[in-house]
Amino acid sequence: MRKKTITLPNGKQVVQKASYTPLIVLLVLIFMYISIQVTQFNFTQLLTRGDQFFVMLKAMFPPKMDFLSKVWTPLFDTIKMSLLGSLIGALLAVPFAILASNNIVKNRFVSSLFKLILSFLRTLPTIVIALIATFVFGLGTMAGTVAIFIFTISYVGKLTYEQIEALDMSTFEALESMGLTRLQAFRYSVIPAILPSYLSTSLFNFEGNLRYASILGYVGAGGLGILLNEQLGWRDYGNVGTILVVLVITVGIIETISEYFRKKLQ
């Protein structure tokens, strides 16, 4: 839209700035078109074949309850992977976050290096890390635990160092001026300020890791994913329905517990 001159009731004239909205909309439409062409997305196929999703969904219910006994062990493996990887990763994320914080570490090279490490780890999808870990540690839950561990360090570490850098450091500096070491000043000023947010972030990360862990089995990283991939390959949708129901209930219970504690931490 071109610039427009508006005359106010008091006689003063104001020039309305040109709007970039039409240009932005045009660019979005162009990029959408390019994306459709590159990905070969087909609306016709979506409309003609989309009903197959509901055919599969109907085949999953009612679930085969006699298959339930084979689900428990992979389910507990998934929970163990998520819990252990999240716990160790959240603990090791703390020193990474401290070393990446500009207001704690005055050496810009060190803080920039650790920020770069955390950024690099975040760019790696969890399933890709799990795939690499299977070549290193072999098939099984060890690979899945390592993948979740690495993701947790990057996720919790980034959010924690951002929380540290956003703090008012006046208390920290006052404690240092009283003769306390930097470690003591950090212990009594920074940790109490970031602890609730850190714990809340760690719990939220654990919720997500539980969902991620359920698909890591597709690359041989153990847990429910292996069983799910196997039953889908055999087109045994009744067993797939059993797995999904158990997974949804488990994730729902853990999310409810986690949300309760996160509200308490606020």
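Hey, could you check the range 90-106 for residues that are without any contact (Cβ under 8 Å) to a residue 40 or more places away in the chain and of a type in the set (A, V, I, L, M, F, W, C) and say which is nearest to LYS158 (Cα to Cα)?
Kept after step one, since they are without any contact (Cβ under 8 Å) to a residue 40 or more places away in the chain, are these residues of the range 90-106: 91, 95, 99, 105-106.
Still in the running and of a type in the set (A, V, I, L, M, F, W, C): 91, 99, 105.
Numbers: LEU91: 13, LEU99: 11, VAL105: 15 Å.
Within the range 90-106, the match that is nearest to LYS158 (Cα to Cα) is LEU99.
Scanning the range 56-72 for residues that are in contact with a helix residue (DSSP H, G or I) (Cβ under 9 Å, 6 or more places away or on another chain) and open to solvent by less than 100 Å² (accessible area, probe 1.4 Å) yields MET56, LEU57, ALA59, MET60, PRO63, LYS64, PHE67, LEU68, VAL71. Restricting the range 129-143 to residues that are open to solvent by 40 Å² or more (accessible area, probe 1.4 Å) and in contact (Cβ under 8 Å) with a residue 24 or more places away in the chain leaves a set whose member that is farthest from the chain's Cα centre (by Cα) is LEU139. When PHE114, PHE76 are checked against the criterion of being under 24 Å from VAL219 (Cα atoms) and open to solvent by 30 Å² or more (accessible area, probe 1.4 Å), a single residue qualifies: PHE76. Modelled with pLDDT under 90, farther than 20 Å from ALA97 by Cα, of a type in the set (A, V, I, L, M, F, W, C) and not in a helix (DSSP H, G or I), is that true of LEU180? In short, yes. Identify all residues within the range 174-185 that are within 36 Å of the chain's Cα centre (by Cα) and either of a type in the set (Phe, Trp, Tyr) or surrounded by fewer than 13 Cβ atoms within 10 Å (Cβ to Cβ) (or both); write none if there are none. Selection gives THR181, LEU183. Per the listing THR152, THR126, THR73, the residue uniquely more than 30 Å from PRO192 (Cβ to Cβ), out of contact with any Cys (no Cβ under 7 Å at 6 or more places or on another chain) and touching a residue at least 40 places away in the same chain (Cβ under 8 Å) is THR126. Of the residues making up the range 147-173, those that are open to solvent by less than 40 Å² (accessible area, probe 1.4 Å) and over 14 Å from ALA93 (Cα atoms) are ALA147, MET169, PHE172. Is there a residue in the range 226-246 that is closer than 23 Å to PHE76 by Cα, free of Cβ contacts under 8 Å to residues at least 60 places away in the same chain, assigned by the TED database to the domain that holds THR73 and open to solvent by less than 10 Å² (accessible area, probe 1.4 Å)? Yes; the residues of the range 226-246 include at least one that is closer than 23 Å to PHE76 by Cα, free of Cβ contacts under 8 Å to residues at least 60 places away in the same chain, assigned by the TED database to the domain that holds THR73 and open to solvent by less than 10 Å² (accessible area, probe 1.4 Å). Residues being open to solvent by less than 10 Å² (accessible area, probe 1.4 Å) and under 16 Å from TRP72 (Cα atoms) are represented in the range 204-212 by at least one member.
The values are calculated or read from the model by the stated rules, or taken from the named source; none is laboratory data. Note that the structure is predicted; figures quoted are calculated from it, not measured. No Cβ is skipped: glycine too gets one built from the backbone with ideal geometry, and neighbour counts run over all protein chains shown. Heavy atoms of the whole protein, side chains included, go into the accessibility calculation; ligands, DNA and RNA do not. Shrake-Rupley method; radii C 1.70, N 1.55, O 1.52, S 1.80 Å.
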